[in-house]
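Chemist: Structure below; questions to follow.
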Amino acid sequence: MQWYPVEKEQLVGMLEKVLPKDMPAMFSGRNSEARCARLPFYTNFLIYRLTNNATLPAFSVDFLSDSHQFLYLDGTSVPIYAVNQSGDLILNENTVLDYMAFHVHYVPGPEGEILLIDSKKKVLPVGALDIDRHREMLYTHRDVKISYDSDAKVYTIRVPMYYGGALVKAVIKIDSLGHLEVADYQMLLKASFEESEMKAK
């Protein structure tokens, strides 16, 4: 994902609109910078990252915006689904994995954080996984399978991951409005996991 700097003039104009009421004191045009990036599954909305470089470590917040609406990514699905409901979502076989990578990065499942697993079956900590790493794992992992039900308009993605405190083979469902659900998961035994990897080689 390619990030682009936001001009200072635009940054100052954004600050009042984008920040939750309990955050404004943490950001100003002098101590902050902003970047934006295009997401392949949205038509008009971009993702923005606002960073306060005066703190140690630097503190960032992310939000979605079409220059009129500013939706803070607060760890829930609410801002994402609001954008989806607006009709901006483009969900197809070319974008569904990108959307899943984005969603699981910002929104935990009912049983906690969703940690995708790399091709070497290593579980990385939450802080080590950005959107691009999630995306890379989905596109390169041998065991990720995608199917589409054209009648229900639902994508089903079968993917190994760390979820609910265990290594699992999960079934993720994503409907036409981008609602993501961990529909099912089964614990994956370490021995069978390693055996399947050996066969894949």
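Each reported figure results from applying straightforward, stated rules to the coordinates on display, with no laboratory input. None of these values were measured; they are calculated from a predicted model. Neighbour counts are summed over all protein chains in view; Cβ atoms, including those assigned to glycine, are modelled from backbone coordinates with ideal geometry.
Chemist: Taking R0 as 30 Å, what's the FRET efficiency between residue 113 and residue 67 from their Cβ-Cβ distance, rounded to 0.05?
Modeler: My answer for the efficiency is 0.45.
Chemist: By per-residue mean of other Cβ atoms within 10 Å, what is the highest-first order of 148-156, 83-91?
Modeler: Packing proxy ranking, top to bottom: 83-91, 148-156.
Chemist: Here's another thing I want to ask about it. Using the charge dipole of segment 80-121 (Lys, Arg: +1 at Cβ; Asp, Glu: -1 at Cβ; taken about the Cα centre), state which of 92, 109, 80 has its Cα farthest towards the positive end.
Modeler: Highest projection toward the positive end goes to 109.
Chemist: Give me the mean projected area, in nm² to one decimal, of the convex hull enclosing the Cα positions of segment 4-85.
Modeler: 5.6
Chemist: Quick check: Cα centre of segment 29-93 to Cα centre of segment 128-187, how many Å?
Modeler: When both Cα centres are located, 22 Å separates them.
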